[in-house]
2 protein chains.
Amino acid sequence: MAEAERKLNNGNSRIDFQTDPSKYRHWKLAVDGEVATLLMDVDEKGTLFEGYELKLNSYDLGVDIELADAIERLRFEHPQVKVILLRSGKPRVFCAGANIRMLAGATHAHKVNFCKFTNETRNGIEDASEVSGLFTICVINGTAAGGGYELALATDHIMLVDDGSSAVSLPELPLLAVLPGTGGLTRVTDKRKVRRDRADVFCTTEEGIKGRRAVDWRLVDEVVPSSRLEEAVAKRAREFTARSSRPAAGKGIALTPLKRERSADAVEYSTLSVEFERASRRATITLRGPEAPPPASAEAMVDAGAQFWPLRLVRELDDAILDIRANEFDTAAIIFKSSGDPAQVLAYDQFLEANKKHWLAREIRAFWKRVLKRVDLTSRSLVALVELGSCFAGTLAELVFASDRSYMLIGQRDGDNKPPASLVLAEVNFGAYPMPNGLSRLASRFLADAGALEKANRPIGEMLEAETAENLGLVTFALDDIDWEDEIRVFLEERASFSSDALTGLEANLRFGGPETMESKIFARLSAWQNWIFQRANAVGEEGALKRYGTGQKPAFDTRRV
Amino acid sequence: MAEAERKLNNGNSRIDFQTDPSKYRHWKLAVDGEVATLLMDVDEKGTLFEGYELKLNSYDLGVDIELADAIERLRFEHPQVKVILLRSGKPRVFCAGANIRMLAGATHAHKVNFCKFTNETRNGIEDASEVSGLFTICVINGTAAGGGYELALATDHIMLVDDGSSAVSLPELPLLAVLPGTGGLTRVTDKRKVRRDRADVFCTTEEGIKGRRAVDWRLVDEVVPSSRLEEAVAKRAREFTARSSRPAAGKGIALTPLKRERSADAVEYSTLSVEFERASRRATITLRGPEAPPPASAEAMVDAGAQFWPLRLVRELDDAILDIRANEFDTAAIIFKSSGDPAQVLAYDQFLEANKKHWLAREIRAFWKRVLKRVDLTSRSLVALVELGSCFAGTLAELVFASDRSYMLIGQRDGDNKPPASLVLAEVNFGAYPMPNGLSRLASRFLADAGALEKANRPIGEMLEAETAENLGLVTFALDDIDWEDEIRVFLEERASFSSDALTGLEANLRFGGPETMESKIFARLSAWQNWIFQRANAVGEEGALKRYGTGQKPAFDTRRV
């Protein structure tokens, strides 16, 4: 049943999400005071996998990994930047979207994960605007097709050159029999609020829409003659700069390379370990609490830079999650454990709370928010084990609430003198880290009962032992030492015996009760439909549109509606 | 590429959605004053298709067609009924859910449409409660598994017998590698607000949950010892009866058999015609306005009964839509046309508005609301053509706003003396018929611009000609006679050339901008994931769980997560 994954172009066996500007092949990042220019200039040969070329600024996951990295670096390394100008380095084309040959040859799992990551990157662009006042202006001089226009949709302001040929389009349906699955349909209706029948016309018009009509239909914010483009861009950049809340002259911190050592069955980071038990299809992530108290001041935090424990941990956690998602498809469950002093974890939460107006504290919290959302959206069963000597407090307790199930040990264990398992809540658990549905994980947990949420609020800062945590509804089961090993073994074995696909669907539904946001609509409605279409013969069959694109042969469709 | 559809058990070539209690094989409907008992007692041999038996009160589409009919009849024929007791006629089992052999042998398209219809039926049970005060109490004496429990979830109150064995369960995932796709997951998290980790435990526990824990986890409303069951049921029935707003002693109307004549390429109803152009994959539904003015009084409306034009039309439209959905998979586009006097259509809207507190007017409006939602959820391209002599006014104008595109003819046509095309708005277009997302179709249309919605409100009652309608944003394109034929022909030909699956996904996204409701979450998030899973080998492959269920062989799963 297994489809074969393509070979990586760089000879490695794993997709690596770490990069830095010195390694970029597709983007040029130039910072000039408060304005940065991010130039898309895709290297046709610089593909992630073998077997295709990235013509016309089309992209694959490798291109998007660089984009995500550039956005993060602008947030941390260049706090004075208030506006990003997103532009193309190629003549007559802004971006042709996801590479079709790449999609045609990719496994279903890669396509789905590719779309998920690119969606997260685009949400990250919107997050930079919303949280940090780091605005993006998209300058389209040429064609922005498919994923190219979807990238534009994630920015704050879309400028289209009015030269009789520059156009925006979502040609996925007419050309490829798939959806604009990187948020396009949702942002057209819900962000730009294009009238639904016009959206229908737009999404079925291969050549797209240009000029005045693109503005009238709300597809772009303005059209500008070529002759006045630079002047107009500079004007908009000044306007957005004036609205930004970023520090006028903050000193950035360098996002230094992660400390990461990989062996056959483990990855060792500076603040966490990942251990793979491949026979039983488990990955255990053990997070380690801080070894030292927080620094004395915000300045000392800036001096610590990427070594500051909460930042180091969140970067490493992000990498670990992405690595499992992209490279360990056979992992059924991710198990979160922790070790350390809960009081120290809380001290860092308090430090960040006390300094929450400082740009770096704000960026670190926003980073945690995004990585926790990445956890929510990870298609693996998530399990938290709260054991002796663990430190699930405050921010780290979010991983317990993000999990599909959590188990907590009651009391001590014979011959083990580590402190009893405890869970500690902090202010940060009540709103700092909203899920994609806009609610905190605790509010999502206690949808039925505002009283339970209120009750959970009371013991902030207390070391809650297992039975108390269970009574407050904070963990699924509290177990004593006699039952612990067996119960968890049986649960994990059973979980691994279930259909991986059914679990994906189940978890995608149960994790997100309550309200919906544009973000949750993208990952639920849009992505779920795209995943469906990515399996249909009309798209991916031998005679389907993705396979036949560019061959001169028309696709052959099963004409029946479902 | 085409999968073969199974043979119908009754020898017919089409699935028929019309039935009446004299034909029921699976349900017994007994009315006793204000309380009706709806007894599920499925005839094992009474299957819709050949090749399986409906053991243990399991169901197929045929069983659900009877259930939907029974609910409608209680609303129209028995207005004095305030409470439905939903019970099983079988010992030790309430309902075993959707029949597994049926699912295993059904085409993908049938599975998807089966789930859609059963979802609509369950939403209809909730609508009866919300709109009409017709409450349903579910009495579970035995096991309610899968779709059986999902049926219970749609009711107002779930009573479970506490006998040590009666239980509720959603065993789809552990047993069949599919989801509880008839609203189950969404209602567990969003209606009953079961804590998400408990929902995870529940949905992965094959044997389900019984007794006190079922109440504590919010899965049922009460548990009752067998010995006190009838007494407790009677007590609850009295409580709900007391809360109902239904008329104490209204005279019902008979939902008489539809007038319907089918030929090879057409279906002729009393108020509308359906014409199939199968070579071009079109179905045209032409609705006819009323021939006479509305009756003089509400009593006269009751006397007219099922012949009252708005009721006749909505029942016929419902049947036509369901027939196309279930039997005409190759239809790419449904084209709505109308003919008649817009003023007469408006007169009926005004009549219903004036009598909106009358139980029958209320039921007729609620029926229109449900059928219009059925249109919204129909997986075909929807096109409205507003031509000479048409009567898209008020309620009928909703079909224009439900369409993916609408075209309106400007001016007269040579040699045709019918009145010019006009569109007329009424109060009813501004809230009486919410879409599944909770908004009116006009509010969904003008998401961007409350001003446009306001502007559309002003000309209520005016006959809007094409260019005015276009300027108000009410139709997609106004075309003159010179362009009309060609533009529409090219559009429809192009539409039929696109991938049917990609259109399904596109329309499911573009039709529902803005907010989400539990209902829209069911059809979007849950159904989309279920559709995906219904294609995965783990469920439907030769070694998948649906195929191997009951064979004694364990399913073989592709263990990779996507």
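A few remarks follow.
- Note on the stretch B:487-528: among residues that are closer than 17 Å to A:Glu519 by Cα and of a type in the set (S, T, N, Q), the one that is most open to solvent (accessible area, probe 1.4 Å) is B:Thr517.
- Only one of A:Glu487, A:Glu516, A:Glu470 that is touching a residue at least 24 places away in the same chain (Cβ under 8 Å) and in a loop (DSSP other than H, G, I, E, B): A:Glu516
- Residue match in the stretch B:96-117 (condition: within 23 Å of B:Ala242 (Cα to Cα), open to solvent by 10 Å² or more (accessible area, probe 1.4 Å) and at pLDDT 95 or above): no
- Checking each residue of the stretch A:122-144 against the condition of being within 14 Å of chain B (Cβ to nearest Cβ), surrounded by 21 or more Cβ atoms within 10 Å (Cβ to Cβ), at pLDDT 95 or above and under 18 Å from A:Arg187 (Cα atoms) gives no match.
- Residue list for the stretch B:1-41, filter: without any contact (Cβ under 8 Å) to a residue 40 or more places away in the chain, surrounded by 13 or more Cβ atoms within 10 Å (Cβ to Cβ) and among the aliphatic types (A, V, I, L, M): B:Met1
- When B:Thr256 is tested against (1) assigned to a helix (DSSP H, G or I); (2) polar (S, T, N, Q); (3) more than 14 Å from chain A (Cβ to nearest Cβ), exactly one condition is not met: (1).
- Residues within the stretch B:487-516 that are facing another protein chain (nearest Cβ under 8 Å), farther than 16 Å from A:Glu206 by Cα and not hydrophobic (A, V, I, L, M, F, W, C), tallied: 11
- Hits in the stretch A:407-462 - residues which are touching a Pro at 6+ places or on another chain (Cβ under 8 Å), open to solvent by less than 10 Å² (accessible area, probe 1.4 Å) and under 22 Å from A:Pro515 (Cβ atoms): A:Asn437
- Single match in A:Arg511, A:Arg525, A:Arg536 (criterion: under 24 Å from B:Pro174 (Cα atoms), charged (D, E, K, R) and within 30 Å of the chain's Cα centre (by Cα)): A:Arg511
- Top-ranked residue of the stretch B:154-194 - restricted to ones that are more than 14 Å from chain A (Cβ to nearest Cβ) and within 14 Å of B:Asn119 (Cα to Cα), ranked as farthest from the chain's Cα centre (by Cα): B:Thr155
- Within the stretch B:183-218, the set of residues being assigned to a helix (DSSP H, G or I), of a type in the set (Lys, Arg), more than 20 Å from B:Val139 (Cα to Cα) and in contact (Cβ under 8 Å) with a residue 12 or more places away in the chain comprises just one member, B:Arg198.
- Test: residue in the stretch B:303-313 that is buried (at least 19 other Cβ atoms within 10 Å of the Cβ), more than 17 Å from the chain's Cα centre (by Cα) and polar (S, T, N, Q): no
- Looking across the stretch B:532-555 at every residue that is facing chain A (nearest Cβ under 7 Å), open to solvent by less than 10 Å² (accessible area, probe 1.4 Å) and of a type outside the set (A, V, I, L, M), the one that is nearest to A:Arg511 (Cα to Cα) is identified as B:Trp532.
- A:Ala469 being within 28 Å of A:Ala354 (Cα to Cα), within 14 Å of chain B (Cβ to nearest Cβ) and surrounded by 23 or more Cβ atoms within 10 Å (Cβ to Cβ): yes
- Residue in the stretch B:412-434 that is within 14 Å of chain A (Cβ to nearest Cβ), outside any strand (DSSP E or B) and closer than 30 Å to B:Val131 by Cα present: no
- Taken over the stretch B:289-302, the criterion of being surrounded by 18 or more Cβ atoms within 10 Å (Cβ to Cβ) and not hydrophobic (A, V, I, L, M, F, W, C) is satisfied by B:Gly289, B:Pro290, B:Pro294.
- When B:Ser245 is tested against (1) at pLDDT below 95; (2) more than 30 Å from B:Val161 (Cα to Cα); (3) not basic (Lys, Arg), just one condition goes unmet, and that condition is (2).
- Subset of the stretch A:393-411 [outside any helix (DSSP H, G or I) and either within 14 Å of chain B (Cβ to nearest Cβ) or among the polar types (S, T, N, Q) (or both)]: A:Ser403, A:Asp404, A:Arg405, A:Ser406, A:Tyr407, A:Met408
- Of the residues making up the stretch B:88-113, those that are farther than 14 Å from B:Gly541 by Cα, in a loop (DSSP other than H, G, I, E, B) and among the hydrophobic types (A, V, I, L, M, F, W, C) number 1.
The values are calculated or read from the model by the stated rules, or taken from the named source; none is laboratory data. Model, not experiment: these values are computed from the prediction. Ideal geometry is used to build each Cβ from the backbone, glycine not excepted, and the neighbour counts take in all protein chains shown. Note: accessible area is taken over every heavy atom of the protein model, side chains too, but ligands, DNA and RNA are not part of it. Shrake-Rupley method; radii C 1.70, N 1.55, O 1.52, S 1.80 Å.
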